[in-house]
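Just so it is clear, none of the values below were taken in a lab; they were calculated from the coordinates. Only a predicted model underlies this, so the values are computations on that prediction, with no experimental measurement involved. In this analysis, Cβ positions are derived from the backbone assuming ideal geometry, glycine residues included, and neighbour counts consider all displayed protein chains.
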Amino acid sequence: MPRVGIGPAPPDRDTLDVEIARLRDLDVNELRRRWQTLFGWPAPPHLPRHLVFRTLAYRLQAECLGDLDAASRRLLDRPETPEKARHIRGAISHLRPGTVVGREWNGQMQRVAVLADGFAWNDKTYRSLSQVAFAMTGTRWNGPRFFGLRDKPAKGKPR
């Protein structure tokens with residue numbers, strides 16, 4: 001959802017609570033009119049009252065208290081479930097310094113050493129496996145997937 005201003009931010013938490021309480025008292029049509037004013041387009045017709053209310057309340061809070069940081073937004077925008085995200089992070093976090101990860105590329109075995117602060121390949125240090133994969137291939141790869149550390153999705157099933 002694009003960031004849209006709602007006017008001057010409430011100066012304190014008490015004012016914010018009052019504004020949210022006012023939203024609670026509005027019926028669905030009044031909430032939809034508020035949405036139109038706030039965002040500049042009509043609320044999606046399929047959204048029930050409680051979701052219109054929550055979206056408006058969230059925007060008030062974001063304006064007053066600050067919105068999510070970029071890392072949190074990226075995490076929430078990911079298509080996978082939080083459980084799967086933990087599994088993917090776990091695939092790399094179990095690699096301890098001294099581990100060697102291998103992959104055959106263009107007929108040659110490529111070995112990458114896991115360091116405490118990154119990865120070493122061809123006498124250079126990289127911050128991520130994705131950077132190593134890019135240096136090897138010249139193409140942007142998901143590093144853990146390139147080195148076989150992530151499960152391949154089953155054929156015919158979306159990730």
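Tabulated results
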{"quantity": "Highest to lowest packing among 60-71, 118-129, scored as the average C-beta count within 10 Å", "calculated": "118-129, 60-71"}
{"quantity": "Cα convex hull of the stretch 13-70, projected area averaged across orientations, nm²", "calculated": "4.3 nm²"}
{"quantity": "Gain upon complete extension [residue 24, residue 58; 0.36 nm per residue less C-alpha separation]", "calculated": "11.0 nm"}
{"quantity": "Pairwise label distance in nanometres, residue 47 with residue 105, each label 7 Å out on the Cα-Cβ vector", "calculated": "4.5 nm"}
